Amino acid sequence: MKLIKNALISAGEGNKTRTVDILFNEKILEISEQSISYKKAAEIINLRGNLLIPGCIDAHVHFNDPGFDFREDFLSGTTAAACGGITTIIDMPCTSTPPVTNKENLYEKLNAIQSKALVDFALWGGIRRNDFPLDKNMIKELWNEGVIGFKLYTISGMETFRALSYEDIKKVLSELPEILFGFHAEDKKIINDAIKSLSKEELKFPENCIKTRPIEAEIEAVKKILETAKNNKIHFVHISSRKAAEFIRKAKKKMDVTFETCPHFLQFTVDDLPGLKGRIKTVPVVKYNEDKRFLRSCLKNGFIDFITTDHAGCNYKKEKEFRDFSRVYNGIPGIELMIPYLFSEFYLKEKVPLGTMIKLTSKNLIKAACRLAPMRISRLLT
C-alpha cells in the first residue's frame, strides 16, 4: 500500500485542477481532496502540489525484438518508456523476425518479449505483399488473438514486409470491413520518381532528403486511401504535412478515421537537417515551417487524435554516422523524451490546457481502442 500526498491532478476539461491524496496498491483505492491518513502505507510520497498525470501511451514504437535486437530489445525499449512516463506501448509488426503477420508468429514474438517488458504492451498485426494471395482466415485468426489493428505500407524498404499496391489495399478493405487498419501513407511512384531525378552525389546531402520524400507523396497516398475506404476504420500514422492533415480532418466528418503525428514533426523542419543530420532522419522526413506550424496548431486545438514517437532505435555509430546521407538509417528514438517535451513545449510554454494534453497522451487512445476493439485494450484498463 502506498500513499501519494498533495498531488495536482486534472479535474476534467480545460485547465481545471484539484489537489488530492491518492491511496493505491496495484490499483487506485481512493482519491480524496481531504487528507488521507493511512499508517500502514509502505511508502508516502509527498508531491507538494506538483502535477500528476495518468500513465501515458505510445501507440507507435519499433522495439526490434526478436530479430533486430542488435539495435534494441524489449527490455531497453520498455525501460526508456518507463523512465519517460509511458506505461503502455503498442509495438509495430514489421521490425521483428518473424513479423507479426499470423498467429504462429504472434506467439513466437510474445514468447521472446513477455519476460522483458517493464510496462504494459499491445501489438499491431501486419498485412504485407509477401503473403498474397491473401488468406482472410489467417488475418481474422490473428485479429481474434488480440492484435490492436493491422499496419499496412504503401511503400516499404523492407524485403520481409513489402508494401501493398492501391489495388491490394482496396481488396483488403473490402474483404475485412471489421478490422482497424493503420497506414504508412506515402506514394511509392512519386518517391521512386523523385529519387531517380537526383544524382548519386545529390543524394548524399541531407538538405536533399526532402526531395526524395516530397510532400506530394504523403498527400497522394492519403487521398487514395480515403477514396478507397468507405465503412472501414482507418488510422494514419506519423502524418507530417499540412495538406495531408487537412484532408484527414475533412474526412473525419463523414468516415471513421484518425491520425497521429510525432514530436519531431512538431519541432524540426528541413532547415534542421544539415545541422542535425542523421539525428532527425526519419521516413516520412520532417517538412517545412508551414507544416510544422499547422501541426502545432492542430495539437493546440485538439484536432490531432494523439501523439506517438515512431520510436526506432539503432546502433548510432554503425547506422547513423555516414557522410553519405542516403546510407543513414531511417529512424530515431524518442520514447523517453516525448512526455517531458510535450508538457514542456505545449502545457508550460504554449499554455495548452491540461485536459487537452491528457487526451493527446492517453485518454483519446483508450477511448478509440475501447470503441474499435474493446477486448484488445483490456490490458490498458487493468
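The values are calculated or read from the model by the stated rules, or taken from the named source; none is laboratory data. These figures come from a predicted structure and were not determined experimentally. We place every Cβ from the backbone using ideal geometry, glycine too, and count neighbours over all the protein chains shown. For the accessible areas, the whole protein counts, side chains as well, though only heavy atoms, and no ligand, DNA or RNA atoms are used. Shrake-Rupley method; radii C 1.70, N 1.55, O 1.52, S 1.80 Å.
The set of residues in the range 5-44 being β-branched (Val, Ile, Thr) and under 23 Å from Lys359 (Cα atoms) consists of Ile9, Thr17, Thr19, Val20, Ile22, Ile28, Ile31. Among the residues of the range 78-94, is any crowded, with 23+ Cβ neighbours inside 10 Å, touching a residue at least 40 places away in the same chain (Cβ under 8 Å), on the phi > 0 side of the Ramachandran plot and within 18 Å of the chain's Cα centre (by Cα)? No; the residues of the range 78-94 include none that is crowded, with 23+ Cβ neighbours inside 10 Å, touching a residue at least 40 places away in the same chain (Cβ under 8 Å), on the phi > 0 side of the Ramachandran plot and within 18 Å of the chain's Cα centre (by Cα).
Any residue in the range 371-379 that is in a helix (DSSP H, G or I) and modelled with pLDDT of 95 or more? No, because not a single residue in the range 371-379 is in a helix (DSSP H, G or I) and modelled with pLDDT of 95 or more. Only one of the listed residues (Glu246, Glu178, Glu186) is within 26 Å of Pro93 (Cα to Cα), under 24 Å from the mean Cα position of the chain (by Cα) and modelled with pLDDT of 95 or more. That residue is Glu186. Looking at the structure I just gave you, is Asn111 open to solvent by 40 Å² or more (accessible area, probe 1.4 Å) and of a type outside the set (A, V, I, L, M)? Taking the combined requirement at face value, the residue satisfies it.
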